[in-house]
Amino acid sequence: MTEEKYDDFNEIETEEMEAQMDSEDYDAISSETKKVSEEDLVEKYQKHFDKKIAFKLLKKLRKATRNKPKAIAGTAGAIVSVLGKLLSALDNPATPIHTKALIIGAIGYILLPLDLIPDFTPVIGYGDDLASAAGVVAGVASYSTFSLEELDKLIDMEG
């Protein structure tokens, strides 16, 4: 059978199977398969994702920016808020699994020093990180309990 005829055969077979299934059953199976896949994916990446590194960066940036005016703290100060909200939402059990996948991606982008604009570039280094994470933060705000005050207390307790 030629490849073209084989593709046509698979398409016809799939259409016939879908027609035999109730559309509700098909949606339920498709939805369940998607859910399992997302959960597996997030679980896989969380095994390789170290929140301690992200939290260490969060505390380091906060220590460096907390006593400075907003204009001077700049993007690094804004990253503190963004990263804190992302980590808080990631720890929230109510955060949907697909949202956690987006959060992990956004945190990963922030943590990687070599990206669109390398983080060690003066003034604008964290600018692309902030821009890329802004959309995710807007979507996870309702799952986050992060506050700068609580972070400052934690930093002060650690000395």
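In segment 37-67, of all residues being outside any helix (DSSP H, G or I) and at pLDDT 85 or above, the one that is nearest to Ser144 (Cα to Cα) corresponds to Arg66. Between Gly84, Gly74, Gly105, the distinction of being surrounded by 13 or more Cβ atoms within 10 Å (Cβ to Cβ) and at pLDDT below 85 belongs to Gly74 only.
Can you pull out the residues in segment 140-153 that are loosely packed, with under 13 Cβ neighbours inside 10 Å and assigned to a helix (DSSP H, G or I)? Those that are loosely packed, with under 13 Cβ neighbours inside 10 Å and assigned to a helix (DSSP H, G or I): Ala141, Ser142, Glu149, Glu150, Lys153. Going by the structure shown, is Leu111 within 15 Å of Ala54 (Cα to Cα) and buried (at least 18 other Cβ atoms within 10 Å of the Cβ)? No. The set of residues in segment 104-159 being of a type in the set (Lys, Arg) and touching a Pro at 6+ places or on another chain (Cβ under 6 Å) is empty. In this structure, does Ala89 turn out to be closer than 25 Å to Ser147 by Cβ, at pLDDT 90 or above, exposed (fewer than 14 other Cβ atoms within 10 Å of the Cβ) and not basic (Lys, Arg)? Answer is no for this residue.
Give me the residue from segment 68-108 that is of a type in the set (Lys, Arg) and in a helix (DSSP H, G or I) and, out of that set, nearest to Asp50 (Cα to Cα). Out of the qualifying residues, it is Lys100.
The values are calculated or read from the model by the stated rules, or taken from the named source; none is laboratory data. Not measured: the values here are computed from a predicted model. Cβ coordinates were reconstructed from backbone atoms using ideal geometry, including for glycine residues, and neighbour counts include every protein chain displayed.
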